[in-house]
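One structure is given here, and the rest of the page talks about it.
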C-alpha cells in the first residue's frame, strides 16, 4: 500500500515526526500523518496551513507499507457524535493514545474529517515495525494558485 504526505522540501527526505499536537496526537507524541491519496494530502495541507504554502517549495512523499504489515483502525462508527469538532481534539487524541501505548500496530487508519469515507494513516516511528515502512519516492508538488 502506498500513502502520501505533502510537506516542505526540507522535511521530505526522511520519515520524521515533529511531536507537535494535532487531532490524533498530544504534544510530545511523535506521529507521522499521511493520507490515502495525493488529493486528500493536498486538502489536509490546505485546511491546516491557512495559505502559508504560497511561495514555498513542496514535495509529495510516497510511503510504502508492506502487505503483511498490521494496520489498526479507528472506525467513524465507534467515535462519539461531533468528534470532528475542534473542541474534541482531546477526545481524538485519547483514542489514538491507546494505539500508541499498546503498540499493537505501527499504522493506524483514521477517518478523514475533510472527506467522508476517506482515510488518513498515522505512523508510529517508535514502533518495532517502523523499519518495514519505506519512503519510496519524492515528487515536486505545487499548490494551484487559485487556492
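Every read-out reported here was derived from the displayed coordinates using simple, explicitly stated rules and does not represent laboratory data. Since this is a predicted model, take the numbers as computed values, not measurements. Cβ placement follows ideal geometry from the backbone for every residue including glycine, while neighbour counts extend to all protein chains displayed.
Think of it as helices only: each DSSP H run of n ≥ 4 in the chain is worth -39500 (n - 2.57), and spread over all residues that comes to -5500 deg cm²/dmol at 222 nm.
Summarised as an ellipsoid, the stretch 1-47 has semi-axes of 18, 13, 11 Å, derived from the eigenvalues of the Cα gyration tensor scaled by 5 and square-rooted, with the largest first.
Mean-square fluctuations from a GNM of the chain, with a 10 angstrom spring cutoff on Cα atoms, peak among 118, 44, 102 at 102. Between 113, 47, 31, the GNM of the chain built on Cα springs shorter than 10 angstrom shows 47 fluctuating the most. Using the Cβ-Cβ distance between residue 16 and residue 75 with R0 set to 30 Å, the FRET efficiency works out to roughly 0.60.
Along each principal axis, taking the top coordinate minus the bottom one, the Cα set of the stretch 103-147 gives 42, 27, 14 Å in descending order. Under a GNM of the chain (C-alpha, springs under 10 Å), which listed residue has the highest mean-square fluctuation: 109, 128, 23? Among 109, 128, 23, the largest GNM mean-square fluctuation belongs to 128.
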